[in-house]
Amino acid sequence: MSITARDERYMREAIRLSETHVGRTGPNPSVGCVIVKDGEIVGRGVTALGGRPHAEPQAIAEAGERARGATAYVTLEPCSHHGKTPPCANAIVAAGIARVVVAVADPDPRVSGRGLKILADADIEVTIGILQKEARRAMGGYLTRQTKGRPQVTLKLAVSADGMLGRLGEGQVAITGPEARAEVHRLRAESDAILVGIGTALADDPELTVRLPGLEDASPIRIVLDRRAELPPTSKLATTAKSVPVIAAVAAGSTGHRLALQDLGVEVVDAVGIEDLLALLAQRGVSSLMVEGGARVASDLLARGLVDRIHLYDSSVTIGPGGIASPITADHLPAGFVRVDERKVGADRLQIFERLPASAWV
Ligand code: AOF
Ligand code: ZN
């Protein structure tokens, strides 16, 4: 096997490890690390839930003395800063690792090349860029927040056979089946925050929590775009705000209503535009935002070029007259998106689209 093929094989394992904690290490990215000695994996690490410890010291601890002269595969450049834990680059040097293979350089201004420099200064052989594309995907939220100052936005849409998202004046209409709903809950668990417009909050009265066995504590922050402060204090969102945080992003509205929401534990923030809200969320360490409705919010975000990924479910259910048309369907996608995955989820079809980097389509 060539060195590159071997590097890719172990980096794939590091990426796979990193995927197990996506969305649950924020604001830290979920990083994977494997340590290989004489063709055998002797240590594994993934950023711990909550963000610390980092991946590398855990892999080094597992490898013990076998780390000496070994190769470490890390999905992100090892850190160089003294944060809440000592720098991982120093731990790698101290462990006597001979070679480090990195997928992605860390854009965090506290690191940004300094981690690689510590390794090179210690005469460690460094290879960068192995499986970069795949690793970037697993850290999409973190990288988007660091480089764009906003969270990575994933739009989830469930579209009926006749291109509708629901029916006017009716609450939640079942478009997808139970398997798709479970998959949506998994996507929620991988997200730091979840956003709906006030129209959806009023029509559906959704709870927007994760209700999957074992992932009940992975519910993201719930956000309502509530320009005129209309979220009812009796809504499921408001009445559960003390157990899972809720933010109402308002631009106007009565002080009395705001106070009533605040009494219930809802945080009311002033956000004039969606860009302001996204910037505020990024400042708070929200790296990944899932948007679950409705049609107006989806159209607005698409028009502003603020959607990075689309999870599109197609079902065979027909809505008929009085339907709310989806801004996009599989046949009518906005320009600049490519399909990266397609699979059956129960009776429904899931397609995942990603925005092409601007440089790829000029
Ligand atoms: C690593 N390995 O597993 C992760 C890294 O708040 P702190 O001190 O934990 O530092 C957070 C930064 O550490 C984060 O912005 C990113 O630069 C890096 N994350 N680095 O060496 C890891 N998760
Ligand atoms: Zn570190």
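Looking only at strands (runs of 3 or more DSSP E) that fall completely inside the range 244-344, which ones have 3 or more residues that are more than 17 Å from Gly197 (Cα to Cα)?
309-314
Is it fair to say Ser30 is in the same structural domain as Ala103 (by the TED database), within 13 Å of ligand 1 (Cβ to nearest atom), under 12 Å from Tyr73 (Cα atoms) and of a type in the set (S, T, N, Q)?
no
Just to verify a result, which residue in the range 345-359, among those that are assigned to a loop (DSSP other than H, G, I, E, B) and in contact (Cβ under 8 Å) with a residue 24 or more places away in the chain, is surrounded by the most Cβ atoms within 10 Å (Cβ to Cβ)?
Here is the first cut: in the range 345-359, the residues assigned to a loop (DSSP other than H, G, I, E, B) are 346-347, 356-357.
This time we only want the ones that are in contact (Cβ under 8 Å) with a residue 24 or more places away in the chain, so: 346-347.
On the way: Gly346: 16, Ala347: 13.
Filtering the range 345-359 for residues that are assigned to a loop (DSSP other than H, G, I, E, B) and in contact (Cβ under 8 Å) with a residue 24 or more places away in the chain, the one surrounded by the most Cβ atoms within 10 Å (Cβ to Cβ) comes out as Gly346.
Consider only pairs whose beta carbons are under 7 Å apart and that are at least six residues apart or on different chains; among these, list those whose first residue lies in the range 89-105 and is under 19 Å from Glu8 (Cβ atoms) and whose second residue is away from ligand 1 (no atom under 12 Å from the Cβ) and of a type in the set (Phe, Trp, Tyr).
Val101/Tyr73
Condition (residue is within 22 Å of Leu131 (Cβ to Cβ), near ligand 1 (Cβ under 8 Å from one of its atoms), touching a strand residue (DSSP E or B) at 6+ places or on another chain (Cβ under 6 Å) and touching a residue at least 40 places away in the same chain (Cβ under 8 Å)) applied to the range 77-84: is it met by at least one residue?
The answer is yes; a qualifying residue exists.
Tell me the helices (runs of 4 or more DSSP H) entirely within the range 125-222 that contain at least 2 residues that are touching a residue at least 12 places away in the same chain (Cβ under 8 Å) and either of a type in the set (Ser, Thr, Tyr) or not assigned by the TED database to the domain that holds Ile324 (or both).
Values: elements: 132-138, 140-148, 178-189, 198-204.
The helices (runs of 4 or more DSSP H) meeting that bar are 132-138, 140-148.
Looking at (1) within 16 Å of ligand 2 (Cβ to nearest atom); (2) part of a strand (DSSP E or B); (3) not hydroxyl-bearing (Ser, Thr, Tyr), find the lone condition where Val36 falls short.
Status for Val36: all satisfied but (1).
Checking the structure you have, find out if any residue of the range 12-24 is closer than 24 Å to Asp217 by Cα, surrounded by fewer than 24 Cβ atoms within 10 Å (Cβ to Cβ) and near ligand 1 (Cβ under 10 Å from one of its atoms).
yes
Quick one: count up the residues across the range 230-240 that are part of a loop (DSSP other than H, G, I, E, B) and crowded, with 23+ Cβ neighbours inside 10 Å.
Matching residues across the range 230-240 total 1.
May I ask you to verify whether Ile324 is of a type in the set (Val, Ile, Thr) and in contact with a helix residue (DSSP H, G or I) (Cβ under 6 Å, 6 or more places away or on another chain)?
Against the criterion (of a type in the set (Val, Ile, Thr) and in contact with a helix residue (DSSP H, G or I) (Cβ under 6 Å, 6 or more places away or on another chain)), Ile324 qualifies.
Just checking, how many residues over the range 77-116 are within 14 Å of ligand 2 (Cβ to nearest atom), assigned to a loop (DSSP other than H, G, I, E, B) and not hydrophobic (A, V, I, L, M, F, W, C)?
Of the residues in that region, 14 qualify.
Scan Gly69, Gly51 and give me the residue that is of a type outside the set (A, V, I, L, M, F, W, C), outside any helix (DSSP H, G or I) and more than 13 Å from ligand 1 (Cβ to nearest atom).
Gly69
Since Ala298 meets every condition but one in (1) touching a residue at least 12 places away in the same chain (Cβ under 8 Å); (2) of a type outside the set (S, T, N, Q); (3) more than 25 Å from Ala138 (Cα to Cα), which condition does it not meet?
It is condition (3) that Ala298 fails.
Among the residues of the range 106-121, are any assigned by the TED database to the domain that holds Val36, surrounded by 13 or more Cβ atoms within 10 Å (Cβ to Cβ), over 21 Å from Arg16 (Cβ atoms) and polar (S, T, N, Q)?
Yes, that holds for at least one residue.
Which of the following residues is in contact with a Gly (Cβ under 6 Å, 6 or more places away or on another chain) and modelled with pLDDT of 95 or more: Ala282, Ala248? Explain how you work it out, then say what you get.
Numbers: Ala248 fails: in contact with a Gly (Cβ under 6 Å, 6 or more places away or on another chain).
Just one listed residue meets the conditions, Ala282.
The values are calculated or read from the model by the stated rules, or taken from the named source; none is laboratory data. This is a predicted model, so every value here is computed, not measured. Cβ sites come from the backbone with ideal geometry, for glycine too, and all protein chains shown count toward neighbours.
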